[in-house]
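This report concerns only the one structure given below.
The values are calculated or read from the model by the stated rules, or taken from the named source; none is laboratory data. Small disclaimer: the values here were computed from a predicted structure and weren't measured. When we count neighbours, we look across all protein chains shown, and the Cβ atoms used for this are built from the backbone with ideal geometry, even at glycine. Protein only, heavy atoms only, side chains kept; ligands, DNA and RNA dropped before computing areas. Shrake-Rupley method; radii C 1.70, N 1.55, O 1.52, S 1.80 Å.
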Amino acid sequence: MFSLTTLIPYLGACFLLAIVQGPTVTVIVANALARGTGAGLAIVAGTQAGFLVMTLVVALGMQALVAFMGWAFDWIKLLGAAYLVWLGWKMWRSDGDLGAARAEKTKSRRAMAVEGFLVILSNPKALIFLGAFLPQFVDVTQPTFPQVMALGLFFMLVAGSTDAVYAIVAGRARHLLSAGRVQAISRVSGLILMAGGVWLALQKRA
């Protein structure tokens, strides 16, 4: 379905986006710091379920859009490229703050998974992100639904893996998640993401 020249850059972008702190990472780290690795992993399970729902929404919406007005797809891709540049700029300006919140001691694993699910669904930026990011790698001449679902599952795999690492590290070695190190990662990732957004825009205009 995807060539290596498409899949490798996509997976690289997924990794860069997944390792940068945001609302999801903050909740994962807060729970892992308060109750250990298992609590953080419960949040990860919930966020993965939320991403699956959002991927399905994007896949259905894109299929309908392409069928109704295929010309609009080019503009969506350009807007998506601009959004990636903006997101990269936000990453560059990150101060590396992982948040000081602590999870409630009485929460069950199921309750924490639900919390992770709601964190994703209550954040419209996550849906906007998927709607802007995934179309960059879709071939509009082919059925879009299976492509978006496959891309979404790849993203979930990468994001789930990196989020799990955050949970494990936060649960076992808090000092490794210093603000300075997170900020450095954010800046490098932001530069690469901005460059990628510009490249996508130029490719579209060629």
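Of all the residues in the range 21-33, those that are surrounded by fewer than 23 Cβ atoms within 10 Å (Cβ to Cβ) and either of a type outside the set (S, T, N, Q) or touching a strand residue (DSSP E or B) at 6+ places or on another chain (Cβ under 9 Å) (or both) number 4. Among the residues making up the range 153-198, those that are touching a helix residue (DSSP H, G or I) at 6+ places or on another chain (Cβ under 9 Å), of a type in the set (A, V, I, L, M, F, W, C) and at pLDDT below 70 are 176, 177, 182, 185, 192, 193.
Does any residue of the range 73-85 turn out to be in a helix (DSSP H, G or I), open to solvent by 10 Å² or more (accessible area, probe 1.4 Å), hydrophobic (A, V, I, L, M, F, W, C) and modelled with pLDDT under 70? Within the range 73-85, one or more residues are in a helix (DSSP H, G or I), open to solvent by 10 Å² or more (accessible area, probe 1.4 Å), hydrophobic (A, V, I, L, M, F, W, C) and modelled with pLDDT under 70.
Whether any residue in the range 143-152 is modelled with pLDDT under 85 and small (Gly, Ala, Ser) is what I want to check. Within the range 143-152, not a single residue is modelled with pLDDT under 85 and small (Gly, Ala, Ser). Selection of the range 111-160 for residues being surrounded by fewer than 20 Cβ atoms within 10 Å (Cβ to Cβ) and hydroxyl-bearing (Ser, Thr, Tyr) yields 122, 141. Selection of the range 34-55 for residues being of a type outside the set (Val, Ile, Thr), open to solvent by 50 Å² or more (accessible area, probe 1.4 Å) and at pLDDT below 90 yields only 35.
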